[in-house]
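We did not get these values from a lab; they are worked out from the coordinates using the rules stated. Computed from a predicted model, the values in this text were never measured in an experiment. Counting neighbours? That spans all protein chains shown, and the Cβs are built from the backbone with ideal geometry, glycine included.
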Amino acid sequence: MTEAQKWSRPAAGREPAAAALLSWLADPQTPRLCVVTGSAGCVWRRVRGDIRPPWPGPARALSSGRGHLAGKLVVADHQGTVRLLDEANATPSGRLPEPVAGVRAVAAVPEGDVLILDAEGRLHTRRSPAAPRATGLAALLEDGPTPLDRLVEAARRQLDGSARALACTEDLLAVGDATGRVHVVSETEGEPGPLTARLHEGEVAAVAALRLEMPDDAPGIPLVYSGGYDGTVRAWGPGAEPLATPVRSRPCPVTALAAASADAGPVLAVAWADGLVEHETLEEGGQVRTFWSGAPVHSLALTGAGHLLIGTDETLACLALA
């Protein structure tokens, strides 16, 4: 069994260890209390109509910030405005220039840039106005395509507007398309080359990517999760065959995914079209927690502190998982 297969095994036969009924996500009139149910606690919650801090708008896409955006949340609304929020309490920290109409997904990259996928399947790159910029000789030496530019251009050539889902991790970009295929573009010594696997029947709804940490500072192993409208979540270690058995499977479409490396091992969060959200620690015997949102969940994110973000049209909530 490879390291990637170890962390991508199906969860059949394991029952959720804790459950929280989060119907307050769907009801803006519910009192703004910090609710703790089972092993999950509400760190903060923002709802439509909030003034201090202001409601950031429908959370159609989410990402946890990296690089100079570490400690920030990237939140895209229904009008394509991409805002930055403080991860600790959701206070505003600015916004990215040039809204993108019909945002499907956002992904913060390690350098602090943000990739945006629009409704037409096109990729856009945005940089925070507060990001550090090279000056003088350094600016002249760096005047050329960055590694991110090369990855994005390679993905554009491969997909040509058919992208439906987006995720990235160090030196790797994963994109799902309308035919059920997932394409991974990684930085190589030459031009970035795509790897492709068909993982779903029908359109890919969401993808998530991480690198499995290895001992002795060895290079991390990339692992991609994808969720489809066919009601399955699948795992794939690029360069190997995809796992034949779904990691998760239900009779309704996936709406959002998030994955991250944690002290206890990889963590996967899945949102389904009926409002169910699952959070699983993928270590041997890892715990599965289930949450009922009470409303369609458009977006998920996992923070560096291990918190789970759940985004709907009416709310954005941050949960601490014990």
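Listing for the model above:
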{"item": "Label-point separation in nm, THR245 to ASP50, each point 7 Å along Cα→Cβ", "result": "4.1 nm"}
{"item": "Cα shape, the range 246-322, gyration tensor, a/c 1.5 rule", "result": "oblate"}
{"item": "Spin-label model distance (nm) - GLU120 vs GLN287, 7 Å beyond Cα toward Cβ", "result": "4.7 nm"}
{"item": "Karplus-derived HN-Hα couplings along the range 221-238 (A = 6.51, B = -1.76, C = 1.60, θ = phi - 60°), whole Hz, x at Gly and Pro", "result": "9, x, 9, 10, 10, 9, x, x, 5, 7, x, 10, 10, 10, 10, 8, x, x"}
